[in-house]
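*Asks:* Submitted below is the structure of interest, expressed as C-alpha cells.
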Amino acid sequence: MALHFERGEFEARKAQVLEEMAARKLDALLMFAPESHYWLTGYDTFGYCFFQCLVLKRDGDVTLLTRSADLRQARHTSLIESIVLWTDQLNASPAAQLRELLDELDLLGCRIGIEYDTHGLTAANGRAVDDTLKSFGTIEDASNLVPRLRSVKSPAELDYVRRAAALADDALDAALAGIGAGADEGEILAAMQGTVFRGGGDYPANPFIIGSGRDALLCRTKTGRRRLDPQDQITLEFAGTYRLYHVALMRTVIVGEPSPRHRELHAACVEALAACEAVMRPGHTFGEVYAAHAEAMDSHGLARHRLNACGYSLGARYAPSWMDWPMFYRENPAEIVPNMVLFAHMILMDSDTETAMCLGRTYLTTEGDPESLSRHGLDLLTR
C-alpha cells in the first residue's frame, strides 16, 4: 500500500470522527470530499470528478462506493477493505446504488450525515442523493464535521507541512533567479513548479498564480504569458505541496525601480500582516484576524483597494482549490487553536494607478505567537 501515515494515525483520526458522530447522534456519515477520504483512509485519487462516496458507520465500518477505474487505486493507496462498484452505463444511477448499499449496511431509518459542501458532490449528484434518500432515513448536512477535525494538524502532518514550506521557499528562490527585464512568465513558472517536483513535491490543488504588468493586479490565474519590461511588476501566489499538504506564499516583485506608490502599499501590507500576527493566537477568532487586517489597511485610506478576506487554513487538498476551512473574513466566529496552518495574504490592487502589492505567508499557530513557516523575510523584492 502507498500509505503516507502509520495505521495508528488513521485509527486516531477515525476515533475523532466517531466521537463527533456520536455527539451529533449520527448513525452514518456519507463522505464525498476527497480530502476526507485521504485524511481518514489514505485514499488518493482524482476520481472524485465522478460519483464516489465513503460510508462510515457508527461502529467504525468503512465502505467505498466508486467506479471500476478507481478500484485498484483504492486498494493501492488506502486502508479501505470493503469496496463496492457502481456501473458505468446508459442511465446509470449511482445514487440508487448508494441507497441499495446503505440498505445492505442496515441503515434504513437511521440518522445519516452527508458532506454536501465539497467539489466532490456536484449539484446534480446532490439532488439525486436527496431524491433517493428522502424516505430512507433522517438526513442532515454534516459538511463541517471532518473539516473541523482536519484543521488541527497532528505531528505527523506537520512533518509534511514543513517539507511543503521548504519547497515553497525554494520555488520563490527559483522565481527570483529568473525575474528580470525580458524574462518570460512561462520560464518563471517552469522554474518554480520544476523546483517543487524535483524536491519530491506534488501538483498544487490549483494553478500557480502569475501576472505581470496590468495582470499583476489579478489574483487568479489566466491563460496567456508575456515577457517582463525593464520597468514592471509581477505578482506570484503559489504553494509548496508535499503529500498533498500545501504551504503558500504570495509576493509582488518589482522589476526596475519601485514607484512611491509601490513603497507606500508595501509598507501598509507589512503593517497589516503584523497586525494579523498579533491576534493569530488562541483566544481570538478568524474574524478578529480579518478585522486587524482591515483596520490597518483602512488607516492608510486603502479600504477600496483591499479584499473582503485575507487568508485561510491550509492542509491536504485536491483541485480545484488549495483553500481550506476556515477563512479570514468579517465576523467569522471560528476559533484559532494551536497547530493550525494558516495562510495570511495582504492584497492591495490599486486600479487607479495600476499598482499591485501583495504580501503573504503561511503560519503555524502555537500556544502563543504564530510561527512563520517561511525562511524569507518581508522586504520589498526588486530585480
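*Asks:* Residues with beta-carbon under 15 Å from that of residue 214, excluding residue 214: net charge, scoring Lys, Arg +1 and Asp, Glu -1?
*Replies:* Net of charged neighbours comes to -1.
*Asks:* Got the relative contact order for region 253-383 handy, in percent, Cα pairs under 8 Å and 6 or more residues apart?
*Replies:* RCO, region 253-383: 31 percent.
*Asks:* Right, here's the next one. Calculate the spin-label point distance for residue 321 paired with residue 104, positioning each point 7 Å from the Cα along the beta-carbon direction, and give it in nanometres.
*Replies:* Once both label points are built, they end up 3.5 nm from each other.
*Asks:* Relative to the longest principal Cα axis of the chain, at what angle does helix 185-198 sit, 0 to 90 degrees, rounded to 10?
*Replies:* The answer is roughly 50 degrees.
*Asks:* Using a simple spin-label model with points 7 Å from Cα along the Cα→Cβ vector, what separation in nm is obtained for residue 81 and residue 141?
*Replies:* Distance between the two pseudo-spin positions: 3.6 nm.
*Asks:* Output the 0 to 90 degree angle, nearest 10, between the alpha-carbon long axis of helix 155-178 and the longest principal axis computed from the alpha carbons of the chain.
*Replies:* Between helix and principal axis, roughly 40 degrees.
*Asks:* Within region 46-123, which chymotrypsin sites (Phe, Trp or Tyr not before Pro) sit in a loop by DSSP and count at most 14 neighbouring Cβ atoms inside 10 Å?
*Replies:* 46
*Asks:* Still on this model: For residue 106, what is the net charge nearby, where nearby means another residue's Cβ is under 12 Å from its Cβ and Lys, Arg count +1, Asp, Glu -1?
*Replies:* Surrounding charge for residue 106 is -3.
*Asks:* I would also like to ask the following. Using helices alone, what [θ] at 222 nm do you get for the chain, with -39,500 (n - 2.57) per DSSP H run of 4 or more residues, divided over all residues and rounded to the nearest 500?
*Replies:* Computed mean residue ellipticity for the chain: -11000 deg cm²/dmol.
*Asks:* Report the charge-dipole magnitude of the chain in Debye, nearest 20, computed about the Cα centre from +1 at each Lys and Arg Cβ and -1 at each Asp and Glu Cβ.
*Replies:* 460
*Asks:* List the lysines whose alpha-carbon lies under 20 Å from that of residue 153, not counting same-chain residues fewer than 8 positions away?
*Replies:* Once the sequence-local lysines are set aside, what remains near residue 153 is 14.
*Asks:* Mean shadow of the chain, computed from the convex hull of its alpha carbons, in nm²?
*Replies:* Its Cα hull, projected and averaged over all orientations, spans 19.6 nm².
*Asks:* Another question, if that's okay. So which residue, out of 320, 34, 147, gets the largest mean-square fluctuation from a GNM of the chain using Cα contacts under 10 Å as springs?
*Replies:* 320
*Asks:* Right, next: Would you mind checking the tilt of helix 286-298 against the longest principal axis of the Cα atoms of the chain, expressed as 0 to 90 degrees and rounded to 10?
*Replies:* So the inclination is approximately 20 degrees.
*Asks:* Ordered by packing density, taken as the mean number of other Cβ atoms within 10 Å over each peptide's residues, highest first, how do 246-252, 364-370 rank?
*Replies:* 246-252, 364-370
*Asks:* I've got another one for you. Express the C-alpha Rg of region 332-383 as a ratio against the empirical globular expectation 2.2 N^0.38 Å, rounded to two decimals.
*Replies:* Working it through for region 332-383, the quotient is 1.47.
*Asks:* Suppose R0 equals 41 Å; then what is the FRET efficiency for residue 299 and residue 3 from their Cβ-Cβ distance, rounded to the nearest 0.05?
*Replies:* Plugging the Cβ-Cβ distance into 1/(1 + (r/R0)^6) gives 0.25.
*Asks:* What are the radius of gyration and Dmax of region 1-70, computed over its Cα atoms and given in Å?
*Replies:* Final numbers for Rg and Dmax: 12.2, 36 Å.
Computed from the coordinates by the stated procedures, all read-outs in this text should not be read as laboratory data. Since this is a predicted model, take the numbers as computed values, not measurements. In this analysis, Cβ positions are derived from the backbone assuming ideal geometry, glycine residues included, and neighbour counts consider all displayed protein chains.
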